[in-house]
Amino acid sequence: MFKIIKKIQFSKEANRMKSIANTRVARELYYSSNSKNVKFLLDKRFSWMNKFINDEDYGIEVGSGAGFSKDFIKNKNFKITDLGNDEHLDFKNIDAQKTGFNDSEFNYVIASNMIHHIPYPIKFFKETYRILKPGGKLIVFESYCSIIFQIATLIMKHEGFDFTLNVWDEENPKSDIENAWHGNIAVPHLIFDNKEIFEKNLGNLFSIKYEKLTECTIFLNSGGVTSKTICIPMNNFFLNILHSLDEFLVKLFPNIFCMGRRIVLEKK
């Protein structure tokens, strides 16, 4: 992974996004307007997950934020959880590092753009392993910190990245413990890129069943999912053109253009 700089962090005051981490505003905007850009983006982020979920499975999403996944995950037994206590959540005040759910309770757990917010990712993986049934799946969508993503982060001063951390220890946090919305978009690289290191640290818990890199311009022109910024409104015809362009760019030049990663881990 090419790094413009290895470490950058911004203050809350420097952030150029709007309605930062405000799930109430995000839901109001999403359901009261014709937000085709962000709905198209979220459809691409979640709908692929359905092929790894059976009709009778029981599953949850951790770190659900504004809870838009419920519009795209087709499983009738799907519930959403988060550390907060918003009304749209099925389970409130759930820490993904220590959920309180029973052992082997779920067939699948979804984690969408939340691992890079977790102070101790290794605790999250151990906890997910505990609550999944044997053969259960951890279905992940995460950031991919390409050159374009690093530049966008530097321009918007939103979240940040630190490639210098040891993501596998349980002593030093990878993001701000006091701020659940603080993020480190380098974390997914540190976890997933080096398969030998992944196998050493998590190979006794999970095997990788699926992985695909995805997304660039449809994210940049989405207007933001929870935190907001400007975008050019488009209809589905032009959004599909952008999506096709993304597939081409990500396939040929992932380290430059890719901004998202799909991955499915299966509990051993």
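Here, each number is a calculation from the coordinates, and none is a lab measurement. Since we're looking at a predicted model, the values are computed, not measured. Glycine gets a Cβ as well: all are built from the backbone with ideal geometry, and neighbour counts include every protein chain shown.
Worth pointing out:
- Packing-based ranking of 159-167, 192-200, 132-140 yields 132-140, 159-167, 192-200, ordered from highest to lowest mean Cβ neighbour count within 10 Å.
- For segment 55-62, 3J(HN,Hα) computed residue by residue from phi via the Karplus equation (6.51, -1.76, 1.60; θ = phi - 60°) reads 4, 9, 5, 10, x, 9, 10, 9 Hz, glycine and proline entered as x.
- Under-5 Å amide H pairs with Gly136, H placed in peptide plane, nonlocal only: Lys267
- Rg ratio for segment 13-131: its Cα radius of gyration over 2.2 N^0.38 Å, N being its residue count, equals 1.09.
- Selection of trypsin sites (Lys or Arg not before Pro), segment 19-80, meeting DSSP coil and at most 13 other Cβ within 10 Å: Lys74, Lys76
- Seen from His243, the other residues with C-beta closer than 11 Å to its C-beta sum to a net charge of -3, counting Lys and Arg as +1 and Asp and Glu as -1.
- For Glu61, distant residues with modelled amide H under 5 Å away: Lys79, Ile80, Thr81, Ile110
- Centre separation in Å (Cα based) which lies between segment 1-43 and segment 57-74: 18 Å
- Of the DSSP H helices in the chain, those whose Cα atoms cover at least 18 Å axially and whose Kyte score averages -0.5 or more: 236-252
- Cross-link pairs Lys98/Lys267; Lys39/Lys174; Lys12/Lys126 - those with Cα-Cα distance over 24 Å: Lys39/Lys174; Lys12/Lys126
- Listed by Cβ neighbour count within 10 Å, with the fewest neighbours leading, Asp55, Asp43 appear as Asp55, Asp43.
- Whole-Hz ³J(HN,Hα) from phi, Karplus 6.51 cos²θ - 1.76 cosθ + 1.60, for segment 179-187, glycine and proline x: 9, 5, 9, 5, x, 10, 6, 7, 4
- Under conditions of 4 °C and 1.567 mPa s, the chain yields 69 µm² s⁻¹ as its translational diffusion coefficient, taking Rh as the Kirkwood radius over Cα pairs in the Stokes-Einstein equation.
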